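The values are calculated or read from the model by the stated rules, or taken from the named source; none is laboratory data. Being a predicted model, the structure only gives us computed values, none of them experimental. Methodologically, a virtual Cβ is constructed for each residue, glycine included, from the backbone with ideal geometry; neighbour enumeration extends over all protein chains shown.
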Amino acid sequence: MAKGFLVTKLKYGIPEKGVYVAKRDKGIKVAECRINLKDISLLELIPEKNFNQHQLDRSKKVRIWLESGLRLLNSHSSISMDLAKNPELKVEFLENHFSLMNVKSSSTIQCDIDIADELDDPGIEVLYSLGLLHTFCSINGMEEKIALDNVITFYENLRDEDKDVLLKILSHPQIDTGKIFM
């Protein structure tokens, strides 16, 4: 299934030459939690064995961003949280992952944790809300065009401040969006 959100992670870039190389690694699982769509929340983080505090701290930070994105998505009047058929989804937090967020299976979402060291802009929950919307559409079996139409419609209905923050975040060199929102 491994469908991805529009935002991939970059391994490195040489901006002066216009060369950017995307990550290709599937990542190493550091922790997991569950999204409870009934309560619009994320349950407690369950760490894997043998991981250090820095890895867990990054997982906690991404968990907070993801939960904020879930709440933003829920607060948008035209979006229904019934998009995901499964009321409780698993989220895996991965180090060195190729995508900001992707669908592993119909009940599992994977998120990169390296972003917590690379990006700490206020408003990143806007990016996670778009990612969750796309992910829920994918899990629900929607065609890619319909999923993208839903994401674009959500984006178009955001407040101007949220759009500005999102565009700033998407301009960071650690992520690659293919300029879909620019």
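Here are a few things to note about the model shown:
- Exactly one residue out of THR153, THR135 is outside any strand (DSSP E or B) and over 21 Å from VAL62 (Cβ atoms): that is THR153.
- Counting only residues that are farther than 14 Å from GLU125 by Cβ and charged (D, E, K, R), the stretch 138-163 holds 6 of them.
- Hey, VAL165 in contact with a Pro (Cβ under 8 Å, 6 or more places away or on another chain), modelled with pLDDT of 85 or more and crowded, with 16+ Cβ neighbours inside 10 Å or not: yes
- Test: residue in the stretch 26-41 that is modelled with pLDDT under 95, part of a strand (DSSP E or B) and hydrophobic (A, V, I, L, M, F, W, C): yes
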